[in-house]
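Q: Okay, here's the structure, questions in a sec.
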Amino acid sequence: MALLLFLAACATNSVTEEPSQEPDIGVQPDSGAAQGDAGDAASNEAGDHDVNLDAERPLICGKTGFCETRLPTSDVGAPLSLQSVWVVSSNDVWTVSAEGFILHWDGTSWTTAYRAAHALYAVWGTATDVWAAGERGLLLHSSAGVNGGAWMRVETGHAKDIHGIYGSSEKDVWFGYDGAVEHFDGSTLTSYDLGDPTLQIRSVFGRAGFGTYALYAGGCTTCTGPFTSVHPVVFELVPGQVTDFNRALWNVQGIHPCTAVVTDAPDDDHRIFVFGYEDLGNGWTYRYGFLGQSSSKVTVNPLKDAFGITETNYNQYPSPPLLLSWANDGVDVRVHSAIGTASRWDGTTFAWLPSIDMGFDFVPRKLFGIHGNATDEWLVGDGFALKGPK
């Protein structure tokens, strides 16, 4: 039985307002301009300052059907670091950047929808409602039925980085940050303290008809080496209450969680997949586990064919890349650790996917976000947005 953490929550006034020169609580004014652009702080018009110094560079297509898309650049011509992507439909895709850009894909090209003065880390939306969130409690909302879809700032009352968004509808949207989650019901933003300020947010995820969840890292998240107490924690998010989805995850010691997905698998034991890595002391390797609400045990398995490092001399070794995942249906769960490194659940195990070979002209860069639909898959990261077949 899931542990009921609490029923009480703190409601805040979530009436949205146009971004102004007045600061948030603990936040510098969000002027709607790109970071570092003090000379144009008053302008937030979509596309006013899109710069494409590499506009003439040919776009690259890989052997498996993934192709580059041309992105706006910063005011100084630097590539944008895209942190998250959300696919509403094939001609309605959103992404956000560490430079504060909100970009929209209309099926043909990217345009700048809005520019914030702080980094953005997460995006989620529907055909009529879009949310973007990021650094120091910044939360932005665009609704087709309000002010013509203009982007407005929602006051959160805190200055913590928001790293996850998911909703089942415009009146049921959740946001995650360290130690707490927030819920928007269409008019009011309500905060739910998770009872442990050391919990570190990893993602907020869900599936229509199967609920909304938040993945956190619990235990000693800063410890290194084997036999640490770090472990994944999944909370089920329902308006009015937040519950620990399954305490069996607390027994998965030594696994640093990265991401998770919920599936529509017919059996409850494969309802949620959690992905992460194990620190071996002289390296690390990727792991995954799956569970349902009534599962009494979580079996942790190695993620076959995924990248890992060991250093027999116990020298310094690099930290693992992010594990990114999304689920199209119960037998189509995909996980990526880098460009060209991906696995797919075939109903029994994770099988290696053909490498996304972009050729020698495409310089490998960090991958930060993946999402897709029944026909398309998007990969975004440092200076790129790749569109390919599902």
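The values are calculated or read from the model by the stated rules, or taken from the named source; none is laboratory data. Note that the structure is a prediction, hence the values are computed from the model and not measured. A quick note on method: Cβ atoms are made from the backbone with ideal geometry, for glycine too, and the neighbour counts reach across all protein chains shown.
Q: Please verify whether region 187-195 includes one or more residues that are farther than 25 Å from residue 154 by Cβ, touching a residue at least 12 places away in the same chain (Cβ under 8 Å) and over 20 Å from the mean Cα position of the chain (by Cα).
A: Taking every residue of region 187-195 in turn, none turns out to be farther than 25 Å from residue 154 by Cβ, touching a residue at least 12 places away in the same chain (Cβ under 8 Å) and over 20 Å from the mean Cα position of the chain (by Cα).
Q: If you don't mind, there's one more thing I want to ask. Considering only region 262-285, I want to know if a residue exists there that is farther than 14 Å from residue 337 by Cβ, at pLDDT below 90, among the hydroxyl-bearing types (Ser, Thr, Tyr) and in contact with a strand residue (DSSP E or B) (Cβ under 8 Å, 6 or more places away or on another chain).
A: Taking every residue of region 262-285 in turn, none turns out to be farther than 14 Å from residue 337 by Cβ, at pLDDT below 90, among the hydroxyl-bearing types (Ser, Thr, Tyr) and in contact with a strand residue (DSSP E or B) (Cβ under 8 Å, 6 or more places away or on another chain).
Q: Ok, one more. How about region 125-136: which of its residues are buried (at least 24 other Cβ atoms within 10 Å of the Cβ) and either among the polar types (S, T, N, Q) or out of contact with any helix residue (DSSP H, G or I) (no Cβ under 9 Å at 6 or more places or on another chain) (or both)?
A: 131, 132, 133, 134
Q: Also, I was wondering about something else. Condition first: buried (at least 17 other Cβ atoms within 10 Å of the Cβ) and of a type in the set (Asp, Glu). Now tell me which residues in region 182-202 satisfy that.
A: 182
Q: So how many residues does region 58-77 have that are assigned to a loop (DSSP other than H, G, I, E, B) and closer than 12 Å to residue 383 by Cβ?
A: Residues flagged as assigned to a loop (DSSP other than H, G, I, E, B) and closer than 12 Å to residue 383 by Cβ within region 58-77 amount to 6.
Q: Among the candidates 90, 143, 109, which residue alone is surrounded by fewer than 17 Cβ atoms within 10 Å (Cβ to Cβ), in contact (Cβ under 8 Å) with a residue 24 or more places away in the chain and farther than 22 Å from residue 73 by Cα?
A: 90
Q: Please verify whether region 220-229 includes one or more residues that are out of contact with any His (no Cβ under 7 Å at 6 or more places or on another chain) and either modelled with pLDDT of 95 or more or assigned to a helix (DSSP H, G or I) (or both).
A: Within region 220-229, not a single residue is out of contact with any His (no Cβ under 7 Å at 6 or more places or on another chain) and either modelled with pLDDT of 95 or more or assigned to a helix (DSSP H, G or I) (or both).
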